[in-house]
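In what follows, a single structure is set out as structure tokens and then discussed.
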Amino acid sequence: VQLQASGGGLVQAGGSLRLSCAASGRTFSSYAKGWFRQAPGKEREFVASINWNGGSTYYADSVKGRFTISRDNALNTVYLQMNSLKPEDTAVYYCAARRRYDYNSNAHGYDYWGQGTLVTVSS
């Protein structure tokens, strides 16, 4: 069972990136998914979450209106579209899956984690 995050990189402030998280080893179509991030010297924080069928989403206030989480269950993949990026968005971004239908903003509510992808936003 693996979650593989990709799409990170270096971008200027105001730019966009799309992160992807592909699951392998089993089907995660009935699991809620989430994105978290951890900046240097800071604790891991919630970014966005989506329920099992994509019908409900939830965002941290710091990214609301700029980031969009979505999923394609046929591809076993969850996405995070990040627009209007700011230097304070710089962090390692992690995808996660939980064995429940409903979304959750608490990292302890997730059962599987990807390895992380680095996003760096320059000013």
Q) Taking Cα pairs under 8 Å and at least six residues apart, what relative contact order does the stretch 10-123 come out at, in percent? A) 37
Q. Where a Cα-Cα gap under 18 Å defines reach, which lysines qualify for K33, not counting those fewer than 8 residues away within the same chain?
A. K64
Q: For the stretch 91-121, state which trypsin sites (Lys or Arg not before Pro) are in a DSSP loop and have at most 12 other beta carbons lying within 10 Å of their beta carbon.
A: R99
Q) How many percent of the accessible area of the chain is carbon or sulfur, using a 1.4 Å probe? A) 45
(Q) What do you get for chymotrypsin sites (Phe, Trp or Tyr not before Pro) in the stretch 1-110 restricted to DSSP loop and a cutoff of at most 15 other Cβ within 10 Å of the site's Cβ? (A) Y101
Q. For R66 and S105 in one chain, what is 0.36 nm times their gap in residues minus the Cα-Cα distance, to one decimal in nm?
A. 12.3 nm
Q | 10 Å binning of all Cα-Cα separations within the stretch 1-51, expressed as whole percents from 0 upward | A | 19, 46, 29, 6
Q) Mind checking the log10 I(q)/I(0) for the chain at q = 0.12, 0.20 Å⁻¹? Debye, one equal scatterer per Cα, no solvent, two decimals. A) -0.37, -1.05
Q: May I ask you to give the solvent-accessible area per residue for the chain, in square angstrom, as obtained with a 1.4 angstrom probe?
A: 51
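The values are calculated or read from the model by the stated rules, or taken from the named source; none is laboratory data. Here the structure is a predicted model, which is why all the values come from computation and not from measurement. Every residue, glycine as well, gets a Cβ built from its backbone with ideal geometry; the counts of neighbours run over all protein chains shown. With ligands, DNA and RNA removed, areas are computed over all heavy atoms of the protein, side chains included. Shrake-Rupley method; radii C 1.70, N 1.55, O 1.52, S 1.80 Å.
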